[in-house]
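> Below you'll find the structure I mean.
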Amino acid sequence: MKSMFYRAFLALIIALSVSCQAQAAVKVVTSTPELAAIAKEVGGARISVVSLAKPDQDYHKVEARPSDVRQVAQAALLVRVGMDIDLWMDAVINAARNSKVSRGAPGYVDASAMIRKLQVPKASITGASGDIHAMGNPHYWLDPANGKVIAYEILLGLRKVDSKNAASYDGNYSAFVKRIDAKMQQWKASMAPVKGHPVVAYHDEWIYFYTRFGLRAFGYLEPKPGIPPSAGHISDLISRMKTAKAKAVIVPSIYPMRFPETVASATGARIVRVPYSVGSMGTSGYINYMDAIVSAVVRGMR
């Protein structure tokens, strides 16, 4: 009797173990929190996601850690921004030696592949050019329409590495697209009263957002991308803002307030503080992140 019970118990344990293995989450590693948030929308409960860059960490300047190498070594799918903003990922991928997610492998996703790239430089790039990217401005996730493009790239990757659950990923992707489309109508309606208005930003990362919602790029606190503000540049910017009546300065949460406050005090412009990344300033999820940005810009420019 005990022997029969033992065999039945052992069979149950084995069955549960096999079931758990069959349902193990697909491990996805992304370079940024925005990609992680979108991956979660597409993958749902069937994936586990980790972003190597953390909220409010400048994506150009991430220093890889041994723990990042371990994460990539265990990944079934790797998703990166591309366009040279996360070049630090190359060293992590090489160190991880995971052929499943190496460049060109089924588990490797460059989310920029199908993006219509803006500000692609036509002149040669030198050290004096500032933080200019040869493939164009890489901050494409700030156009929520590109959120759908990112989601589709991730969908294709998940289909490759976990084809048996493709139908589930397809359904999640379709639901996410519908949510973006519905929110886009709301965002455009909210932004309509400020369409065409001039706006100043700290760093040149807003071209996709401006293009989507019809804002006019007036200037930047940085004289060139990635070059810290100088007193002379700020003085010139203040003079031009007064003439053009530019009344808003967009400042993501990673940037210091000294220069924005100087400009605001001299011109009467409002500082529009926005989350730099998903997870900044209490945001959670990609749509909530875009909601926070749109709401802050509308408040600041009216």
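> What order do you get for VAL199, VAL28 when you list them from fewest to most C-beta neighbours inside 10 Å? Walk me through the intermediate numbers first.
Working: VAL199 23, VAL28 28.
Listing VAL199, VAL28 from fewest to most nearby Cβ atoms yields VAL199, VAL28.
> Just want the ordering: ARG212, ARG258, from fewest to most Cβ atoms lying within 10 Å of their own Cβ. Write down the numbers at each step before the final one.
Values: ARG212 17, ARG258 10.
Fewest-to-most ranking of ARG212, ARG258: ARG258, ARG212.
> Using the charge dipole of the chain (Lys, Arg: +1 at Cβ; Asp, Glu: -1 at Cβ; taken about the Cα centre), state which of ALA166, MET290, PRO225 has its Cα farthest towards the positive end.
ALA166
> Now, a different point. Pull up all non-local amide H partners of ASP58: gap of 5 or more, or a different chain, and H-to-H distance under 5 Å with H placed in the peptide plane.
It is none; the list stays empty.
> If you don't mind, there's one more thing I want to ask. Can you pull the one-decimal nm distance between simple spin-label points at ALA105 and LYS188, each 7 Å off the Cα toward Cβ?
4.1
> State whether segment 159-220 is rounded, prolate or oblate according to the following rule on the C-alpha gyration tensor (a ≥ b ≥ c being the square roots of its eigenvalues): a/c under 1.5 gives rounded; otherwise a/b larger than b/c gives prolate, and the remaining case gives oblate.
oblate
> How big is the dipole moment of the chain about its Cα centre under a simple scheme where the beta carbon of each Lys and Arg is +1, that of each Asp and Glu is -1, and everything else is neutral? Debye, nearest 20, please.
Working: 37 positive and 22 negative charges, 136 e Å.
Once rounded to the nearest 20, the dipole reads 660 debye.
> Hey, another quick one. Rounded to the nearest 500, what is the 222 nm mean residue ellipticity of the chain from helices alone, with -39500 (n - 2.57) per DSSP H run of 4+ residues and division by all residues?
-15000 deg cm²/dmol
> Around GLY232, under 15 Å between beta carbons, what's the net of Lys plus Arg minus Asp minus Glu among the other residues?
Local charge sum for GLY232: 0.
> Also: Starting from the 7 Å offset along Cα-to-Cβ, what nm value, one decimal, do you get for the label separation of GLU63 and ALA134?
Distance between label points: 2.7 nm.
> Quote the relative contact order of segment 23-183 in percent (integer), defining contacts as alpha-carbon pairs under 8 Å separated by 6+ residues.
Relative contact order here is 24 percent.
> Report the net charge of residues surrounding ALA217, where surrounding means a beta-carbon distance below 15 angstrom and charges are Lys +1, Arg +1, Asp -1, Glu -1.
Residues close to ALA217 contribute a combined charge of +2.
> Checking understanding here: applying a Kyte-Doolittle mean of at least 0.0 and a length along the axis of at least 27 Å (C-alpha), which whole DSSP H helices in the chain pass?
Those that pass (Cα extent of 27 Å or more, hydropathy at least 0.0) are 2-22.
> I need the phi-derived Karplus couplings for segment 215-221: 6.51 cos²θ - 1.76 cosθ + 1.60, θ = phi - 60°, integer Hz, Gly and Pro marked x.
So the Karplus estimates, Gly and Pro as x, are 7, 10, 5, 9, x, 9, 5 Hz.
> Quick check for me: using +1 on Lys/Arg Cβ and -1 on Asp/Glu Cβ, what's the dipole size of segment 23-183 about its Cα centre, in debye to the nearest 20?
On the way: 21 positive and 16 negative charges, 105 e Å.
I would put it at about 500 debye.
> When the Karplus curve 6.51 cos²θ - 1.76 cosθ + 1.60 is applied with θ = phi - 60°, which whole-Hz ³J(HN,Hα) does each residue of segment 200-212 get, with x for Gly and Pro?
After applying 6.51 cos²θ - 1.76 cosθ + 1.60, I find 9, 9, 6, 10, 6, 10, 10, 4, 5, 5, 4, 5, 5 Hz.
> Additional query: Subtracting the Cα-Cα distance from 0.36 nm times the residue separation, let me have the gained length for ALA113 to LYS54 in nm, one decimal. Could the numbers behind the result be given before it?
Details: separation 59, 0.36 × 59 = 21.24 nm, distance 2.32 nm.
Stretched out fully, the ALA113 to LYS54 stretch lengthens by 18.9 nm.
> For labels at LYS242 and LYS122 in the simple 7 Å Cα→Cβ model, what's the distance in nm?
3.5
> Follow-up question, since we're still on this one. Let me make sure I get this right: for segment 23-183, a, b and c are the square roots of the gyration tensor eigenvalues over alpha carbons, sorted descending. Under 1.5 in a/c it's rounded, otherwise prolate if a/b > b/c, else oblate. Which is it? Don't jump to the answer; show the numbers that get you there.
Working: a/c = 1.97, a/b = 1.26, b/c = 1.56.
Oblate.
> So what J values fall out for segment 51-56 if you push phi through Karplus, 6.51 cos²θ - 1.76 cosθ + 1.60 with θ = phi - 60°, rounded to Hz, Gly and Pro as x?
Residue by residue, segment 51-56 yields 9, 6, 6, 9, x, 6 Hz.
> Using a Gaussian network model of the chain with C-alpha springs under 10 Å, which one of LYS54, LYS224, LYS122 is most mobile by mean-square fluctuation?
Highest fluctuation among the options: LYS122.
> Rounded to the nearest 0.05, what FRET efficiency is calculated for ALA166 and ARG302 with R0 set to 45 Å and r the Cβ-Cβ distance?
Step by step, r from the Cβ atoms, then E = 0.50.
> On to the next question. Exposure proxy check: THR267, THR283, THR243 ranked by fewest other beta carbons within 10 Å?
Result, fewest neighbours first: THR243, THR267, THR283.
> I've got another one for you. If contacts are Cα pairs under 8 angstrom and at least 6 residues apart, what is the relative contact order of the chain in percent?
Answer for the chain is 16 percent.
Taken together, the values in this text are just the output of simple stated rules run on the coordinates, not laboratory data. Bear in mind that the values here come from a model prediction, so they are computed numbers and not experimental data. Positions of Cβ are backbone-derived with ideal geometry, glycine not excepted, and every protein chain shown enters the neighbour counts.
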